[in-house]
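Structure first, commentary second.
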Amino acid sequence: MNDPGITFFAKPSEMNIRQHISLKPFNTFQIDIRANRVIECKTPDELKEAIRLATESEEKLMVLGGGSNVLFTDDFDGTILLNRISGIEITSENEEYVFVKASSGEVWHELVMWCVRNNYAGIENMSLIPGRVGAGPIQNIGAYGVELKDVLHQVEVIMIDSGETRILSNAACQFGYRDSIFKRDMKGKCIIISVTLKLSKKPVIHASYGSIKHELGKKGITQPTIRDISEAVIHIRQSKLPDPHTLGNAGSFFKNPEVEKAFFEQLKIKHPSIPGFEHHPGTIKVPAGWLIEQCGFKGKQFGNTGAHKDQALVLVNYGNATGKEILRLAQLIIKTVEESFGITLKTEVNII
Ligand code: EPU
């Protein structure tokens, strides 16, 4: 008989649990390392049960959605929860807005396509970002002038220690540039199970990002719809970001650094072509891709790895790279950029 003190949320016998398997299919860098155990979770109850199993055996726990923002540098001595919780629903709507709740295991781009098909505006600029919905709030995903925080209404999480469900409002998520409370105070304490977005039925078009303007101009589009924006973004991404299915990568490996305006002015004297965009008053965001390119890394291969030929910010796996090999290149890049520009790059990708 079951211990009456233990609540079983789902039957372990019905769950997909695999021991000592390679994580290569589950990380877009395609690093071939092993985990002690991989549990696929298709419902919040299965997720709770998987948490219980891992906690009971005192194993390290890690959730993987699309595995598109992670670099494994060693075998994972613990349990991986593969988030496959699916479902998209409208929770409320009025004339102007629609609230769309998406489960965290949904593929992000499929959610974007669903919204574009229904003419719900807000996330079309984030078309084709790899990964699943649950990863979105963690790093406040963003692209081409829009960040998730601009449209996020609330996030639903399960607390790992108690199994209780909690709702975090947009403000409670403490979003910043590629940053949120899930990377700080809530790190390792909760798992995201759904994200609710507040989308507009009357589209507000964000077409000011240089490459979007250029793309629309080429097609002669002056009054873009959200579908036009989505198609432009898909085209831009496909033309310069490598497809992780063919060339392992995890998107931008580093964040774009923010520097003091006065420091930037000094740099500009020595490097007149340095690009920079005012981010917060008094700080300038410098494209890390430019810094890396200036240091000569763009398109250069180092063994099985390298910085991509069309976007230096993306490190790639040319075949059988190990996580350690990619990490060594990242460290070399950080050191070289530091010596050349006095700027320390920070990784965007989670290094495990
Ligand atoms: N640049 C170079 N050389 C390069 C790459 C970039 O000189 O090899 C310079 C150019 O001046 C270019 C500028 O960097 O104009 C900006 O490049 P891009 O538009 O490609 O954007 P990014 O700043 O490199 C950021 C995000 C991307 C996002 C794009 C578009 C970060 C860390 N990355 O890249 O997000 O798709 O903007 O909005 O903020 C990701 O997070 O994984 C990601 C791909």
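The values are calculated or read from the model by the stated rules, or taken from the named source; none is laboratory data. Being a predicted model, the structure only gives us computed values, none of them experimental. Ideal geometry is used to build each Cβ from the backbone, glycine not excepted, and the neighbour counts take in all protein chains shown. When the accessible area is computed, the model is the full protein with side chains, heavy atoms only, and any ligands, DNA or RNA have been set aside. Shrake-Rupley method; radii C 1.70, N 1.55, O 1.52, S 1.80 Å.
Straight-line cross-link partners of LYS219 among the aspartates and glutamates, defined as a Cα under 17 Å from its Cα and at least 8 positions apart when in the same chain: ASP228, GLU231.
Based on protein heavy atoms only, the chain ends up with 48 Å² per residue of surface accessible to a 1.4 Å probe. Using only side-chain charges placed at the Cβ, +1 for Lys and Arg and -1 for Asp and Glu, the dipole size of the chain relative to its Cα centre rounds to 900 debye. If you model region 16-148 as an ellipsoid using its alpha carbon gyration tensor, with each semi-axis the square root of five times an eigenvalue, the axes come out at 31, 17, 11 Å, biggest first.
Expressed in Å, the radius of gyration and Dmax of the Cα atoms of the chain are 21.2, 76. Among the lysines, which have Cα under 23 Å from the Cα of LYS101 when same-chain residues fewer than 8 positions away are ignored? The reachable lysines, counting only those whose Cα sits under 23 Å from LYS101, are LYS42, LYS48, LYS149, LYS183, LYS187, LYS189, LYS198, LYS201, LYS202.
Could you look at the chain and say what percent of its accessible area is carbon and sulfur, using a 1.4 Å probe and all protein chains?
The C+S portion of the solvent-accessible surface of the chain is 49 percent.
Per the Debye formula with a single identical scatterer at each Cα and no solvent contribution, what log10 I(q)/I(0) holds for region 66-116 at q = 0.14, 0.15, 0.24 Å⁻¹? Normalising to I(0) and taking log10 leaves -0.53, -0.58, -0.99. GNM on the chain, alpha-carbon springs under 10 angstrom: the most fluctuating residue among GLN331, GLN266, GLN139 is GLN266.
Peptides 171-184, 70-83, 38-51, ordered by how many other C-beta atoms sit within 10 Å of their residues on average, highest first, read 38-51, 70-83, 171-184.
If the segment from ARG117 to ASN94 were pulled out straight at 0.36 nm per residue, it would be longer than the present Cα-Cα gap by 6.4 nm.
Work out, step by step, the length gained on full extension between THR73 and LYS270: first 0.36 nm times the residue separation, then minus their alpha carbon distance; give nm to one decimal.
Contour length minus Cα-Cα distance gives 67.2 nm.
Put a dot 7 Å past the Cα of LYS202, heading toward its Cβ, do the same for GLU338, and the two dots end up 5.2 nm apart.
Normalised by the number of residues in the chain, the average gap of Cα pairs under 8 Å and 6 or more apart makes the relative contact order 15 percent. Across all C-alpha atoms in region 248-351, the radius of gyration and Dmax reach 13.9, 44 Å.
The convex hull built on the alpha-carbon positions of region 88-200 has an orientation-averaged projected area of 6.6 nm². For region 12-83, the Kirkwood estimate of the hydrodynamic radius, built from every pair of different alpha carbons, is 12.1 Å. As I understand it, the value is the acute angle between the Cα axis of helix 323-341 and the longest principal axis of the Cα atoms of the chain; what does it come to in degrees, rounded to 10? Helix 323-341 sits at roughly 30 degrees to that axis. Remark: spin-label model distance LYS183-SER211 equals 2.0 nm, labels positioned 7 Å along the Cα→Cβ axis.
Can you figure out the FRET efficiency of LYS261 with ALA171, using R₀ = 22 Å and their beta-carbon distance, to the nearest 0.05?
Numbers: r = 28 Å, r/R0 = 1.27.
Step by step, r from the Cβ atoms, then E = 0.20.
Helix 261-270 against the longest principal axis of the chain: what's the angle in degrees, Cα atoms only, rounded to the nearest 10? So the helix axis and the longest Cα principal axis differ by about 50 degrees. Taking θ as phi - 60° and the Karplus parameters 6.51, -1.76 and 1.60, the scalar couplings of region 18-31 work out to 10, 9, 6, 10, 6, 8, 3, x, 10, 9, 6, 6, 6, 7 Hz in sequence order, x denoting glycine and proline. Using a simple spin-label model with pseudo-atoms 7 Å out from Cα toward Cβ, GLN331 and LYS346 lie 2.1 nm apart.
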